[in-house]
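A.B. asks: Let me give you the structure first, and then I'll get to my questions.
No value in this document is a laboratory result; all are computed from the given coordinates. Predicted, not measured: the structure shown is a model, and the values here were computed from it. For neighbour counting, all protein chains shown are included, and Cβ atoms are generated from backbone atoms with ideal geometry for every residue, glycine included.
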Amino acid sequence: MPAVKRLLVINRGEIAVRVIRAAKEMGITAIAVYSDADESSLAVRLADESVHIGGAHARKSYLNADALLAAAQQTGADAVHPGYGFLSENADFARAVVEAGLTWVGPDADTIARMGHKAQAIATAKAAGVPVVPGSDGLVATTDDALAAAARIGYPMLIKAAAGGGGRGIRIAGDDAELVAGITAAQQEAQAAFGDGGVYLERFIPRARHIEVQVVGDGTDAVHFFERDCSLQRRRQKIWEEAPAAILDEPTRDHLCASAVELARSVGYRGAGTIEFLYDPATREYFFIEMNTRIQVEHPITEEICGVDLIQLMLSVAQGDPLPVRQSDITRRGHAIEVRINAEDPARKFLPSPGTIDGLRWPAGPGVRIDTMAYDGYTIPPYYDSMIGKLIVWAPDRPAALARLRRALGETELGGPKTTLPFFATLLDQEAVVNNDFHTTWVENWLAAGPA
């Protein structure tokens, strides 16, 4: 594959800024795309070049495949980086990029299709010898199929959409009646959200931890950069992530990460990807649940503990270079935490709060990193995800990282829109968080009980 010289970054917000910075450090010309709402964005300001792609709504711009391909042709780009979200896991678009003679910075279209469809991904994991959550054998087409599977697996049961993500198309059933009702609701929601109404069943683990492993492959070999704990979630959306997962002992960590690498190798994975597991602290069992065939929002905490630039690694393997590191070369150091700062009002059930930032001061000092698209005077548009940026801290161990996060939150000033900054300050005071004694539904339970 030819070396990447002109990279079209087909995304917005903080991930577009992140990719642009990585590309420029490699001597690659970084080209931003922007919608009507993003002409004044930081990504446009930092890019070497920029091109307008359409209206403010994502379907007219960042989801408009024809407009993006035209932008690549117009700017003479030779590669495309999708970031996360939007078209990053769209196999048809990845295929179209390659057919247009461009380099797709990510896995090939067949791998995206295979691993992006959860039922197929589970079958692939089984074939690779990776533990999976006990569940249905593929999709359940009828309620009779679902009831038969439940009789075999036992309740409680998780109903999950085969396509998509973001917590949509998911239901929990505790008995036959809830299963029948939940199947119909999940199928309808999945069809509306993803154009695919297929669902499958899994055993529900009540106090599960969400552990994910960062892998990078070059199409022949693959390595891991250890794991992240993403168990603090609200409405199945991650809000706080840590690396490494302090709950794991070393033998379990070794086995879990090795399983992830084996799965990546089995599909000839190229690029950065994340293999996600549910971990049951009671039994120390882990189970594969899905793979994200793209860079993740929370990738910075892995970079902090491993001293690696994952975006630059993606660009390197996309242009045909072999992995520059062996597994034995990769070590971890210290503990990192990331919190997602959203333009939402926690006092009003996290209602979106777009608007103009008036008075901005980010924290600084040792072990503090900010990944953001915001600047003083920037107007957060109402058309996209509400994330303003990510606050990342690193320290030698978890208690020190918590203390550093508290200090960094206290230094941050962001006037104008309501944000989740005070929410994280309150979360830091919770004994369960300090003691690492939480699970994937802990935040929901805490909010329902009315946190102080």
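A.B. asks: Give the long-range amide H neighbours of Arg234: residues separated by 5 or more places, or on another chain, with amide H under 5 Å away, using H modelled in the peptide plane at 1.01 Å from N.
C.D. replies: Ile239
A.B. asks: So what's the net charge close to Val339: Lys and Arg +1, Asp and Glu -1, counting the other residues with Cβ under 15 Å from its Cβ? The partial results should precede the final answer.
C.D. replies: Details: positive: Arg228, Arg234, Lys238, Arg340, Arg369, Lys390, Arg398, Arg404, Arg406, Arg407; negative: Glu14, Asp229, Glu241, Glu242, Glu298, Glu304, Glu338, Glu344, Asp371, Glu411, Asp429.
It works out to a net charge of -1.
A.B. asks: Here is a further query. Quick one: Karplus J couplings for segment 101-109, per residue in order, coefficients 6.51, -1.76, 1.60, θ = phi - 60°, nearest Hz, x for Gly and Pro?
C.D. replies: x, 9, 8, 8, 8, x, x, 5, 4
A.B. asks: Would you pull out the residues with amide H under 5 Å of Phe226's amide H, same chain only if 5 or more places away, H placed 1.01 Å from N?
C.D. replies: The list, which skips near neighbours in sequence, is Gln214.
A.B. asks: Further question on the same structure: At a 10 angstrom cut-off on C-beta neighbours, averaged per residue, how do the peptides 10-23, 361-374, 42-55, 210-223 rank from highest to lowest? Please list the in-between numbers first.
C.D. replies: Details: 10-23: 25.6, 361-374: 16.9, 42-55: 18.8, 210-223: 22.2.
Packing proxy ranking, top to bottom: 10-23, 210-223, 42-55, 361-374.
A.B. asks: Still on this structure: Each label point is 7 Å from the Cα along the Cα-to-Cβ direction; what then is the distance between the points at Arg152 and Arg236, in nm?
C.D. replies: If labels sit at Arg152 and Arg236, their model points lie 2.3 nm apart.
A.B. asks: Sticking with this one: Once each part is reduced to its C-alpha centroid, what is the distance from segment 4-50 to segment 236-309 in angstrom?
C.D. replies: If you average the Cα positions of each part, the centres end up 28 Å apart.
A.B. asks: What pairs in Lys24/Lys238; Lys24/Lys390; Lys390/Lys418; Lys60/Lys238; Lys238/Lys349 have C-alpha atoms more than 18 Å from each other?
C.D. replies: Values: Lys24/Lys238 29 Å; Lys24/Lys390 21 Å; Lys390/Lys418 16 Å; Lys60/Lys238 27 Å; Lys238/Lys349 16 Å.
Too far apart for the 18 Å limit: Lys24/Lys238; Lys24/Lys390; Lys60/Lys238.
A.B. asks: Going by how many other beta carbons lie within 10 Å of each one, how would you line up Asp229, Asp385, Asp36, Asp144, fewest first? Before the final figure, lay out each step's value.
C.D. replies: Working: Asp229 24, Asp385 18, Asp36 15, Asp144 10.
In increasing order of surrounding Cβ atoms, one gets Asp144, Asp36, Asp385, Asp229.
A.B. asks: Before rounding to the nearest 500, sum -39500 (n - 2.57) across all DSSP H runs of length at least 4 in the chain and divide by the residue total; then give [θ] at 222 nm in deg cm²/dmol. Provide the component values of the computation, followed by the final result.
C.D. replies: On the way: 15 runs with 152 residues, N = 452.
About -10000 deg cm²/dmol.
A.B. asks: 5 Å is the cut-off here: which amide hydrogens, built 1.01 Å from N in the peptide plane, fall below it relative to His335, excluding neighbours closer than 5 in sequence?
C.D. replies: Excluding prolines and chain starts, which carry no amide H, the hits are Ala395, Asp397.
A.B. asks: Determine, from the Cβ-Cβ distance of Ala246 and Leu351 and an R0 of 41 Å, the FRET efficiency 1/(1 + (r/R0)^6), rounded to the nearest 0.05. Please report the intermediate quantities before stating the final value.
C.D. replies: Values: r = 33 Å, r/R0 = 0.80.
Efficiency at R0 = 41 Å is approximately 0.80.
A.B. asks: Under the rule a/c < 1.5 gives rounded, and otherwise a/b versus b/c splits prolate from oblate, where does the chain land using the Cα gyration tensor?
C.D. replies: Numbers: a/c = 1.34, a/b = 1.15, b/c = 1.16.
Rounded, because the longest to shortest axis ratio a/c is under 1.5.
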